[in-house]
Each structure stands twice: as structure tokens, then as C-alpha cells.
Protein chains: 2
Amino acid sequence: MPILTAESLRTVALEIFKAAGVPVDEARLVSERLVNANLDGYDSHGIIRVLQYVKGIREGKIKPGVKVEVLRETPTTALLDGRLGFGQVVATVAMKKAIEKAEVNAVGVVCAMNCNHVGRLSDYTLMASKRGMIGISFVNTICMVAPYGGMERRIGTCPMSFAFPTDEEIPFVIDIATSICAEGKIRVKSHEGRDLPYECIVDKEGRLTRNPNALYEGGAILPMGGEVGYKGFSLGLAVEVLGGILSGTGYSYSKKFRGGNGVFMEAIKVEAFMELEEFKREVGELARAVRSSKPRPGFKSIMTPGEIEYKTRKRRLREGIHVPEKTWAEIVKVARELGVEMEKFMESNPRIP
Amino acid sequence: MPILTAESLRTVALEIFKAAGVPVDEARLVSERLVNANLDGYDSHGIIRVLQYVKGIREGKIKPGVKVEVLRETPTTALLDGRLGFGQVVATVAMKKAIEKAEVNAVGVVCAMNCNHVGRLSDYTLMASKRGMIGISFVNTICMVAPYGGMERRIGTCPMSFAFPTDEEIPFVIDIATSICAEGKIRVKSHEGRDLPYECIVDKEGRLTRNPNALYEGGAILPMGGEVGYKGFSLGLAVEVLGGILSGTGYSYSKKFRGGNGVFMEAIKVEAFMELEEFKREVGELARAVRSSKPRPGFKSIMTPGEIEYKTRKRRLREGIHVPEKTWAEIVKVARELGVEMEKFMESNPRIP
């Protein structure tokens, strides 16, 4: 399996996107985000997406280089039309705008429609927390989750993210789907021909199952919560409204919804409420207090949200990023089709066969 | 078991609070909120709390009639010191202020410290949704939930609420604890001497159990999510930061935290993003779409968040509110101690023995 440095992977993605006609600033941003996902351990959101995005550009579903349009604006809010640009580009513009507004007016809320897949929400909420602000983000997603007690798809996996400034090097960032698991995990198990670790799916007959293929045979993903799935379902609905309806994207089951993500981004300036250093210290203390709990049998230690990603990143920065043979072969193929010279990456990354 | 009309119960609570020295406007607000909880089916947050609140006043923990102080303020934010007033009073001031700010500046975020128990969050988020705004609220609560994989109490049950304007008579309102269940439900089972319907507790040895008493013998409540309890735990942490730290209350495990609730209230004006009527129609459509899903075996129908409360309220407004014998006896006792004339309630509610 090829092992590449983050730097090399970023360059591969950058060159491919440039060759596919993406303006260099957008190509750099998207490449950065994809490789960040690999570094944090989310390979499903990493370099593999280059293939999907190049396909999206060729089919006209992703329109690189379009200018995000402001449809409505107040000193604290904005509604954006992403005009089918890269999700990462549109969502970055949205969070930047929310931060600028919060810088001046303490709070900023920015929504965006016509936005492709934005990637991981923590990329955006961390933009705010690095600026001494609270970052909040919700996006709705394509419809594949059953309501609590239901057996038909009615809402998306609809993630929520919160990031907070902290005095620790480990980021304090929450990024979770409101479904019992993300679709990516189910797809991986399906490809591996293995069962899911617990019941994540209601099949087309209404039975709960660990069989990942049941999702692709007319089933639906369960909401987060198991016995209390009405809680995950309720939060998923909140995200459908905030990310989907308020942004003009529409809820995922509606005719209006055209794929991608409906975006809600918010930044809140901590200093409107308290001194930033005090806030950071208390957030750090909370993390340390939580880790000090005795683990119960079967667990080695308590981790805070963002900690596993931080540790994975440290390791992968040192040891490189493993790219599955098949994925790498497809990337090389697409690169060659676009006339990208791949030999230099092969040379600088000796563990590429 | 005595059965009273909502009107009578409100008057009983009002007269008791007035006799306990509560100014009439505060007494009216708190009575209204308690009986609302009964009407919606949340008896644990209903009239029974009169006893706890009178005790709180006598012990100086609740200070009726104090003026909420504004510590920091911007056109979009405020930080309040509730000065140990009634939680309902402080939280109502906070949400009113958030709504006023959102009316002018599209968004309002108001936090409050030194605030007693606020009751149900939906009372506040619905204030916003009735005004054509999105209402969001988070409060942290006393520490009794274990981190995911842990066996010691580190965070509160920390609820989240979201309310949205809708074209339906049924409110679209989410109000959930981020723990697997609220402490009230565990207490009820403990009193009844019955097991919980599923494992809600990690006991002091680190074993998962359905025995409600394990909580009061050194155990902790589990976070929402079961197999994916890290999600409920993560959301609980977000609430600890937003409700607890940002408000100056402190996270629930900290020395700074003194009980009650740390309050975060937000209002967002829908019209900053889209026409209110269109928004309401889409929220209503989403609710109807969700209810149209075929239920899976074991479920009769799909309900949206807020629907069961709406139906319970309709029934209880018609049929009256059942108050357990023991609770009623204690209320009558406290009333008599305070010199409240109870005979008239007995007369006007024939089903009181």
C-alpha cells in the first residue's frame, strides 16, 4: 500500500484540480481540506474524494471558480447562494463571513444554498475557535435516515459541530452525525463484506439489522440513540430546519433539495461574555476533569471530542498516510488523463511502489 | 386521586407563592410554567415543584423579587446575573432580551448565571417561535452523568431545545436531555421499586444496570446514545461550555458551579433569511413528510417532536390533571402553614375528595 506524506498528497490533489480547470486558490483549499481529513483519520473524507470531485466537475455538478452571491445581508446575518461551487469553498466563505460579523457585532449567522459537499464540519467550526470564537455548524445531507419508529427514509444524517477555544493543544471540537452512524462507515463494511458492529439499519421489511447491504436494498439508517432514538431523530430534524430550510436549500426529503449540503454557520465572540483567557482555561479544565474519570471495564481511558483525531494526526504526520492500492491506482489514472506529471511524487515518496 | 383543572392548579400555586412572599407577577409566571408542565405530561416538572420552591425560599436559596442585573451587553448579546431569583423568572428575562435583540439585529444571544432551576427549556424556545423566530436554548445542570466509557460523574444531563415557527397547530419543538434519560425518570422508578426499561446507569463498580437505586448508591447516568454514547457525551460537553462556562456559571463538575442552571438563550429572526410564511410552510411540510413514513413493527405511528405533549395537553385540558394523593396532601399542608384558604379549590373541583 502506498504511503505518502501529507505534503505530497496535497500536491497531488492540487495538481489534479488545477489540471481539471480549478482556479489555484480553490484547488489549494480543497486539497488542504481533503488531506486534513486523511491526517485526522477520516479517509472516507480524504484524498479518495478527488475522484468524485473530478467527476463532479466533468458532469457540471461542481462549478469551480464561480463567485458566491450574497442574496440577503444584515450586520449579523447573511444568506449566500453558492451557485454550485465547491462545497468547501462556499462553506469557507460562509464561516469567514460569520466570523467577520461576530468580530464587529459579537454574533454572526450565515446560511448557504446551492452548495456541494462541504466535507467535515469541524474544518469550519475550528476556523472560529482559532479566532477566539465559538464555532457552530449544522448541515443537512441527502435523505437516508428513518424517523424514530419508522422504516422509510425521511431525513439526512445531518451532522452538528461545535468548537471552542481552549488552553490545550488538543482541540475541543465536536463533530457528529445525528444518525447512529455516517453512511461512509456502512459503505466501507459493505465493500469489506462484513457486518456492522451493531444494528445501524432498518431494512425494507422494517427489521433492525447489522447487514450493511440492507441500506442499499431499500433500507434506511437509524437515528442516533438506540433505545432513545427519538433524541437523535429530533436533533436531525433541527438540523434539517437550520441547515436545510433556513438556507433555502430545502429539507432533504423535499423536491427542492438537490443534493450537496444546506449550510448553517455561526460564530459567537467569547469576549462579549467573558475574558478569552479565562474561557480557554475553563474549557481546558473541563477536558482534563472529564479525562480524570475512572474508565469502566472494557475502556482504557476517557477521551474528549477531538482527541482521537489529534493523536491520529500526530502519528500520520510522522509516519505518512496509507492510501489503498486501488484508490491510488485510480488517482494516478485520473492524473494521467489530465496530463499531470506523476513521476515526481513517486520519487519523493519512496514507499510508493 | 384528586383531579383538578389547570385553572385551579394555577390558582393554588399562585396563592401559595404569594403567601410565601413572592411578588404577584413572579408568582403568576412560575405557577403558569409549572401547570404547563403538568398539561404537557411532565408531572415531574409540574405542581409538585411548589413544595421544593417553597423550601428553597425558606432556606434562602431562591430569592423572589430580586432584580436581574445586566453585567455585559452589546446590541446582540447580554450576560445576566440572576442573583438567585426564580429560574423561570431569570430565564424568561434572558429569552425576552434575546428576542428583543433579534427583533432589531436579527440575532440575540443572552446568557445568565446565578439562576435557579428554570424548568423545561421548551417554555423559552417557544417564546421565540411564537414571535416568528427560531428559539435555541442550552442549560447545564448538576453533575450526574458519566463520560462515554467512564464510571464517574463528570457532566450534567444538559438539555438542548430548538423551536421553530410552523404552519401547524402542533408546535415543532425539540427538548431533550443529552443523557440517556433525565434524572426525574430514574427517581420515579426508584420510588416505584421498579427497574428501568433499559440500562441507564453505570453503577459504582462500573457495571451497566437497570436498577434505578444504583444511581443514588454512587453510580452515574449514561450519556445518550447507547453504543454511540460518545455522541450524547459530546453534545453534553457542548452544553456544559455554552450554558455553563460562557454564562459564568461554571461547568457542573467545577467548584464554581453552585447548582441550578447555567443558561444560554438564542433567538434568530427568520425574516433575515426568508419570508416567514414560506419558512412555516416548509417546517409544517417536513413534519407531515416525517409522519408519512411507514412505522416499523412495534410502532403505531411516527410522531414529531412536540406532538405527544400537544396531544396530552388537549386531553388534560378536557379531563383535568391527576395529582397523586401524597403530593396533594403535601401541597395542602404547605398551603395551610402559609395560611392559604384551600376550601374554595375543593369546592370548585368536585373530584377532589
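Each reported figure results from applying straightforward, stated rules to the coordinates on display, with no laboratory input. Because the structure is a prediction, the values reported are computed rather than measured. Cβ sites come from the backbone with ideal geometry, for glycine too, and all protein chains shown count toward neighbours.
Given the options A:97, A:294, A:189, state which has the largest fluctuation in a GNM of chain A using a 10 Å cut-off (strictly under) for Cα springs.
A:294
What share of all Cα pairs of the range B:181-221, in percent, falls into each consecutive 5 Å distance bin?
Spelled out bin by bin, the range B:181-221 gives 6, 32, 40, 19, 4 percent.
Please arrange B:322, A:45 by counting, for each residue, the other beta carbons lying within 10 Å of its beta carbon, fewest first.
B:322, A:45
Need one word for the range A:76-150: rounded, prolate or oblate. Basis is the Cα gyration tensor (sqrt eigenvalues a ≥ b ≥ c); a/c below 1.5 gives rounded, then a/b vs b/c decides. Let's see the in-between values first.
Numbers: a/c = 2.04, a/b = 1.57, b/c = 1.30.
Since a/c reaches 1.5 and a/b is larger than b/c, the shape of the range A:76-150 is classed as prolate.
Would you mind checking B:18/B:344; A:255/B:280; B:18/B:55; B:67/B:97; B:189/B:326; B:18/B:314 for any pair whose Cα atoms are more than 19 angstrom apart?
From the list (B:18/B:344; A:255/B:280; B:18/B:55; B:67/B:97; B:189/B:326; B:18/B:314), the Cα-Cα distance tops 19 Å for B:18/B:314.
Taking the Cα centre as origin and putting +1 on Lys and Arg beta-carbons and -1 on Asp and Glu beta-carbons, what dipole magnitude results for chain A, to the nearest 20 debye?
560 debye
Give me the dipole magnitude in Debye, nearest 20, for the range B:181-221 about the Cα centre, with unit charges on the beta carbon: positive for Lys and Arg, negative for Asp and Glu.
The calculated dipole for the range B:181-221 is roughly 100 debye.
What does a probe at residue B:205 reach in the range A:279-304, counting residues whose amide N is under 15 Å from the point 7 Å along Cα→Cβ?
Answer for this model: A:296-298.
Can you tell me what share of the DSSP beta bridges in the protein assembly as shown is antiparallel? A percent to the nearest 5 is fine. Intermediate results must be reported in sequence, preceding the final value.
Working: 76 of 90 bridges.
Of all bridge pairs located within the protein assembly as shown, approximately 85 percent are antiparallel.
Net charge around residue B:173, counting only other residues with Cβ within less than 11 Å of its Cβ (Lys, Arg = +1; Asp, Glu = -1)?
Local net charge: -3.
Taking other Cβ within 10 Å of each residue's Cβ, how do A:254, A:234, A:301, B:247 sort, fewest first?
In order of increasing Cβ crowding within 10 Å: A:301, A:254, A:234, B:247.
Across peptide A:253-262, what mean number of C-beta atoms from other chains lies inside 10 Å of a residue's C-beta? Write down the numbers at each step before the final one.
Working: counts 6, 4, 0, 2, 0, 0, 0, 0, 0, 0.
Mean shielding by partner chains, rounded to a whole number: 1.
Comparing A:184, A:250, A:46, which has the greatest mean-square fluctuation in the GNM of chain A with Cα pairs linked when under 10 Å apart?
A:184
Going by how many other beta carbons lie within 10 Å of each one, how would you line up A:216, B:148, fewest first? All intermediate terms of the calculation are to be shown ahead of the outcome.
Details: A:216 12, B:148 24.
In order of increasing Cβ crowding within 10 Å: A:216, B:148.
May I ask you to work out the translational diffusion coefficient for the protein assembly as shown at 25 °C, viscosity 0.890 mPa s, via Stokes-Einstein with Rh from the Kirkwood sum over Cα pairs, reported in whole µm²/s? Numbers along the way, then the final one.
Numbers: Rh = 26.4 Å.
Rounded to a whole number, D works out at 93 µm²/s.
Which cross-chain or sequence-distant (5 or more) residues have an amide H under 5 Å from the amide H of residue A:140, H modelled 1.01 Å from N in plane?
A:243, A:244, A:262
Placing the label point 7 Å from Cα along the Cα-to-Cβ direction, what are the distances from residue A:58 to the equivalent spots in the other copies, shortest first, in nm to one decimal?
7.9
Among A:82, A:339, A:209, whose Cα projects farthest towards the positive end of the dipole of chain A, with charges put on the beta-carbon of Lys, Arg (+1) and Asp, Glu (-1)?
A:209
Tell me, what is the FRET efficiency for residue B:344 and residue A:281 to the nearest 0.05, using R0 = 45 angstrom and their Cβ-Cβ distance as r?
0.20
Mind checking the dipole of the protein assembly as shown: about its Cα centre, +1 per Lys or Arg Cβ, -1 per Asp or Glu Cβ, Debye to the nearest 20?
760 debye
When Lys and Arg each count +1 and Asp and Glu each count -1, what net charge do the other residues less than 11 Å away from residue A:161, Cβ to Cβ, add up to?
-2
Output the peptides B:218-224, A:284-290 sorted from most to least packed, where packing is the average of other Cβ atoms within 10 Å over each peptide's residues.
The most tightly packed comes first, giving B:218-224, A:284-290.
What does the helix-only formula give at 222 nm for chain A: each DSSP H stretch with n ≥ 4 adding -39500 (n - 2.57), the total divided by the residues, and the result rounded to the nearest 500 deg cm²/dmol?
-12500 deg cm²/dmol
Once amide H atoms are placed 1.01 Å from N in the peptide plane, what residues at a sequence separation of 5 or more from residue A:173, or on another chain, have their amide H within under 5 Å of its amide H?
Counting only residues 5 or more places away or on other chains, the set is A:306.
Students often check this: by mean Cβ neighbours within 10 Å, which of A:196-206, A:259-269 ranks highest, and how do the rest follow?
A:259-269, A:196-206
Mind listing the long-range amide H neighbours of residue B:296? Cut-off is under 5 Å, sequence gap 5 or more, other chains count too, H placed in the peptide plane at 1.01 Å from N.
A:150, A:151
Please report the antiparallel percentage of the DSSP beta bridges confined to the range A:5-140, to the nearest 5.
The answer is about 40 percent antiparallel.
How high is the relative contact order of the range A:1-147, in percent, with contacts defined as C-alpha pairs under 8 Å that are six or more residues apart?
For the range A:1-147, the relative contact order is 17 percent.
Compute a Gaussian network model of chain B, connecting alpha carbons closer than 10 Å, and tell me which residue from B:279, B:138, B:86 fluctuates the most.
In the Gaussian network model the winner is B:279.
Between the range A:82-138 and the range A:287-324, what is the separation of their alpha carbon centroids in Å?
So the separation of the two Cα centres works out to 26 Å.
With the contact rule set at Cα under 8 Å and sequence spacing of 6 or more, what percent relative contact order holds for chain A?
22 percent.
Output wanted: per-residue J couplings in Hz (rounded whole) for the range B:147-159, from phi through Karplus 6.51 cos²θ - 1.76 cosθ + 1.60, θ = phi - 60°, x for Gly and Pro.
Going residue by residue, I get x, 4, x, x, 10, 10, 5, 9, 9, x, 6, 5, x Hz, with x marking Gly and Pro.
Of A:327, A:260, A:163, which is farthest along the charge dipole of chain A in the positive direction, counting Lys and Arg as +1 and Asp and Glu as -1 at C-beta?
A:327
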